[in-house]
Amino acid sequence: MTQHTSFRIAVLPGDGIGIEVIDAALEVLNAAQEKAGGYRLNLESLPAGAGEYVTNGVALPEDTLKAAEESDAILLGAMGLPSVRYPDGTEIAPQLDLRFHFNLYAGVRPSMTFANGPSALVDPRGGDINFVLIRESTEGLFASRGKGVVVDDREARDTLVITRDTSERLFDFSFELARQRKAQGHPGHVTLVDKANVFTSFAFFREIFDERAANYPDIGSDHLYVDATALDMVRRPWEFDVLVTENMFGDILSDLAAGLVGGMGFAPSADIGDNNAVFQPAHGTAPDIMGTGKANPVACILSAAMMLDWLGAKHDTPGCLRAAQLIKDAVAITISEKGIKTADVGGSHSTSDVVRAVVDAIAEA
């Protein structure tokens with residue numbers, strides 16, 4: 001690994017509250033950078049999204065894509081507006097274009113509860129929800145995006161695609177993450193979520209999973225059908241560690257997972273490939289609350305921490321790792337000790353209240 005002290009970050013605020021939560025995350029990133037030291041983020045704000053499409057007819061301009069290609073990481077707010085659509089009726093979604101362009105096959109969706117924080121469920125044994133769902137992000141049913149066909153106005157078809165090359169990398173990524181989590185005190189277990197009892201593609205997916213699992217004898221593994229997974233996410237979510245699944249299944253289950261821990265405002269995410277990565281809150285643009293100060297920035301702030309963790313590990317930069325931990329600890333303090341609650345979980349604190357509390361916690365660390 002090459003040690004870096006300066007990183008170029010492509011910042012794509014996007015639309016709606018994406019702009020607001022990105023501003024919040026950047027303020028927190030600046031505070032953590034000053035506190036941790038040892039690295040420097042060079043931030044470049046770039047246009048993309050539904051608003052850009054309305055103004056210039058292109059949702060992801062070539063200059064933006066080129067700058068993203070030359071960056072060390074991409075930090076994204078949220079993109080798309082319900083009222084802005086392509087001629088085929090689909091919504092503007094440059095974030096999906098980035099996944100395919102950079103082959104960001106591993107969609108990482110952590111879900112965790114905080115002491116005194118929101119949670120839809122309580123473990124009678126006192127356990128916490130803390131698991132990671134890894135969603136394959138370039139294949140599966142999403143491989144048909146823009147390629148589906150309607151035949152004579154009587155039937156429509158989209159094709160699900162599973163390839164060995166991507167699946168092997170996805171599963172290796174999942175087992176490596178489980179190994180890292182095991183070193184931090186988590187179980188060190190990977191659950192494959194599929195529908196191998198019905199579809200040949202998922203039987204193939206499972207076969208590859210078992211092959212890769214054999215290379216990680218220190219990490220436990222098992223299989224669970226997607227319908228049973230949805231049941232067990234509600235029945236026993238505290239027993240999961242790392243789950244890995246196909247694109248569409250992951251899209252659905254990751255929202256369920258967010259609902260367990262307070263909602264989309266607490267759902268950070270990353271889309272990671274071999275060389276590039278995009279970090280963004282999993283929520284949408286929420287135009288109904290845009291400009292009201294009600295947006296919950298926690299998901300975006302934690303996504304920024306995920307970016308620092310990834311940069312620190314990839315480039316052997318301890319300062320980034322220190323800053324990431326500062327941010328995660330500060331968010332926990334803000335929720336658990338300071339009692340900050342935004343409107344999405346029944347509170348009255350504003351976006352700026354959250355930022356102020358997190359920044360203060362970083363300064364006091």
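Run the simple label-point estimate for Q184 and D210 please: 7 Å along Cα→C-beta, distance reported in nm.
Output for this residue pair reads 3.1 nm.
Using a Förster distance of 51 angstrom, determine the FRET efficiency expected from the C-beta separation of E155 and S45, and round it to 0.05. Can you show the working numbers first?
Values: r = 45 Å, r/R0 = 0.88.
The formula returns an efficiency of 0.70 here.
Students often check this: by mean Cβ neighbours within 10 Å, which of 248-260, 32-44 ranks highest, and how do the rest follow?
Taking the mean over residues of other Cβ atoms within 10 Å, the ranking is 248-260, 32-44.
Just add up the charged neighbours of E27: K/R +1, D/E -1, any other residue whose Cβ is under 14 Å from the Cβ of E27.
Numbers: positive: K35, R356; negative: E20, D23, E34, D353, D360.
That sum, taken over residues with Cβ under 14 Å, equals -3.
Classify the chain as rounded, prolate or oblate, taking a ≥ b ≥ c as the square roots of the eigenvalues of its Cα gyration tensor: rounded when a/c is under 1.5, otherwise prolate if a/b is larger than b/c and oblate if not. Let's see the in-between values first.
Numbers: a/c = 1.38, a/b = 1.12, b/c = 1.23.
It is rounded, given that a/c, with a ≥ b ≥ c, falls under 1.5.
Where does the chain land at 222 nm, in deg cm²/dmol rounded to the nearest 500, when only DSSP H runs of n ≥ 4 count, each adding -39500 (n - 2.57), divided by all residues?
The helix contribution divided over the chain gives -13500 deg cm²/dmol.
At a threshold of 8 angstrom on Cα-Cα distance, excluding pairs fewer than six apart, so keeping six or more, what relative contact order does the stretch 120-260 reach in percent?
Numbers: 208 pairs, mean separation 52.8, N = 141.
Worked out over the stretch 120-260, it gives 37 percent.
Counting Lys +1, Arg +1, Asp -1, Glu -1, what net charge surrounds I162 among other residues with beta carbon under 15 Å of its beta carbon?
Neighbourhood net charge equals -4.
Name the shape class, rounded, prolate or oblate, that the alpha-carbon gyration tensor gives for the stretch 120-260, where a ≥ b ≥ c are the square roots of its eigenvalues, rounded holds for a/c under 1.5, and otherwise prolate holds if a/b is larger than b/c and oblate otherwise. The partial results should precede the final answer.
Numbers: a/c = 2.41, a/b = 1.49, b/c = 1.62.
Since a/c reaches 1.5 but b/c is at least a/b, the shape of the stretch 120-260 is classed as oblate.
Grab the chain and count how many Lys pairs have their alpha-carbon atoms under 26 Å apart, sequence gap of 8 or more, or different chains.
Qualifying lysine pairs in the chain: 15.
By how many nm would the segment from T5 to V198 lengthen if fully extended, with 0.36 nm per residue of separation less the alpha-carbon distance? Please list the in-between numbers first.
Details: separation 193, 0.36 × 193 = 69.48 nm, distance 5.00 nm.
Roughly 64.5 nm would be gained on extension.
I need the shape label for the stretch 6-64. Rule: rounded when a/c is under 1.5, else prolate if a/b > b/c, else oblate, with a, b, c from the alpha carbon gyration tensor.
Verdict is oblate for the stretch 6-64.
Mean separation of Cα pairs under 8 Å and 6+ residues apart, divided by the residue count of the chain: what relative contact order is that in percent?
Taking the mean separation of contacting Cα pairs over the length of the chain, I get 24 percent.
Given the peptides 173-182, 152-161, arrange them by the average over their residues of other C-beta atoms within 10 Å, most packed first.
Descending packing order for the listed peptides: 173-182, 152-161.
When a footprinting reagent is the concern and you count Cβ atoms within 10 Å, what order do E207, E364, E168 take, fewest first?
The order, fewest Cβ neighbours first, is E364, E207, E168.
Using a cut-off of 12 Å between beta-carbons, work out the net charge of the residues near L46 (Lys and Arg +1, Asp and Glu -1, L46 not included).
Here the count lands on -4.
Listed highest first by mean packing, meaning other Cβ atoms within 10 Å per residue, what order do 16-29, 321-334 come in?
16-29, 321-334
Gap in Å between the Cα centre of the stretch 1-78 and the Cα centre of the stretch 235-301?
18
Only the coordinates and a few stated rules stand behind these numbers; no lab work does. As the structure is a computational prediction, the values presented were derived from the model and not from experiment. Ideal geometry is used to build each Cβ from the backbone, glycine not excepted, and the neighbour counts take in all protein chains shown.
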